Amino acid sequence: MTPTTSSPTIVLIAGHWLGAWAWDDVLDHLTTDHARAVAMTLPGLDGDDPDRATKTLDDQAASILELFARLGVSAEQPAIIVAHSGANFPVSLVLDRHPELVRRVVWVDSGPVAAGSVFAPDLPEGMEELPLPPFDAFPPQASLDGLSAEALGRFRARAVPEPGPVLRQPLGLTNDARRAVPTTLVCCSIPSAQMLELARSGHPMFAEVATLEHLDVVDLPTGHWPMWSRPGDLAQAIRSAASRTD
């Protein structure tokens, strides 16, 4: 179907080691007359880019804003950003720099990041990139529940090492207006009730959630990669979030 002129633009951004391809199954379900959806690959995660290991969070945020410009996103026609996992760092930068361009942010098993945060502060300076770790090394909050052997094989085969500068760069945030952007949290690895309790208690991973002014939560019980384990249900959650007017 052809989207109407008033349809929101939905930009989908996957987390570490992943490109636009990670959203293929979700995009199959998002073909509606209510929205147009575009998946993007962040700088540093294009396996054909010889300079990818030098990319920074600033490069990634700039790329998102460049895509917005190409798609005609503006303060009058803001976009919906869907950010999975580690995409929360560059997306938090975009929300800080241009909150007026985002109608709603949908965090998929993810959430907003606090100022000064560093994803991997202990990553050695000489380490140019971080390859996808062995699957048995993932922590509980990065559960592999629901993934088939085929999905795991595709993940392993297509994963691109994460650039070291992205993982070591402190997040510089200064604009409190980012907290006024309407937000939907799609909770997968951790139930929403537990996540909200952690936020209220000041847990560093979730404390920023407690500062949000307009928050909606959705439980989608599965592992950390719902775009593969429950793509239809995730698409419906995104579609519902996109239709909200708060």
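The values are calculated or read from the model by the stated rules, or taken from the named source; none is laboratory data. On a predicted model such as this, the values are computed, not experimentally measured, just so you know. For neighbour counting, all protein chains shown are included, and Cβ atoms are generated from backbone atoms with ideal geometry for every residue, glycine included. All accessible areas refer to the heavy atoms of the entire protein, side chains included, with ligands and DNA or RNA removed. Shrake-Rupley method; radii C 1.70, N 1.55, O 1.52, S 1.80 Å.
So here's what we get for this one:
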item	result
Structure-based [θ]222 nm, the chain - -39500 (n - 2.57) summed over DSSP H runs of at least 4, per residue, nearest 500	-8500 deg cm²/dmol
Reference-scaled alpha-carbon Rg (2.2 N^0.38 Å with N residues) for the range 61-128	1.24
Note, ³J(HN,Hα) from phi for the range 222-230, Karplus 6.51, -1.76, 1.60, rounded to Hz, x at Gly and Pro	5, x, 6, 10, x, 5, 10, 7, 9
More than 28 Å apart - percent of Cα-Cα pairs taken over the chain	27
Student exercise, the chain dipole from Lys, Arg, Asp, Glu Cβ charges, in Debye to nearest 20	420
Cα-based shape type of the range 192-246, given that a ≥ b ≥ c are square roots of the gyration tensor eigenvalues and the cut on a/c is 1.5	oblate
Fluctuation leader among Ala177, Ala137, Ala69 - the chain, Gaussian network, Cα springs under 10 angstrom	Ala137
Accessible area in square angstrom per residue, the chain, 1.4 angstrom probe	44
Gyration tensor (alpha-carbon) shape descriptor, the range 92-227, a/c threshold 1.5	oblate
Of all accessible heavy-atom area on the range 1-108, the percent that carbon and sulfur account for (1.4 Å)	48
Carbon/sulfur fraction of accessible area - the range 152-232, other protein chains in place, 1.4 Å, %	56
Trypsin sites (Lys or Arg not before Pro) within the range 72-167, DSSP loop, no more than 13 other Cβ atoms inside 10 Å	none
At 1.567 mPa s and 4 °C, Stokes D of the range 18-108 from Kirkwood alpha-carbon radius, µm² per second	94
Cα-Cα pairs of the range 152-232 separated by more than 20 Å (percent)	53
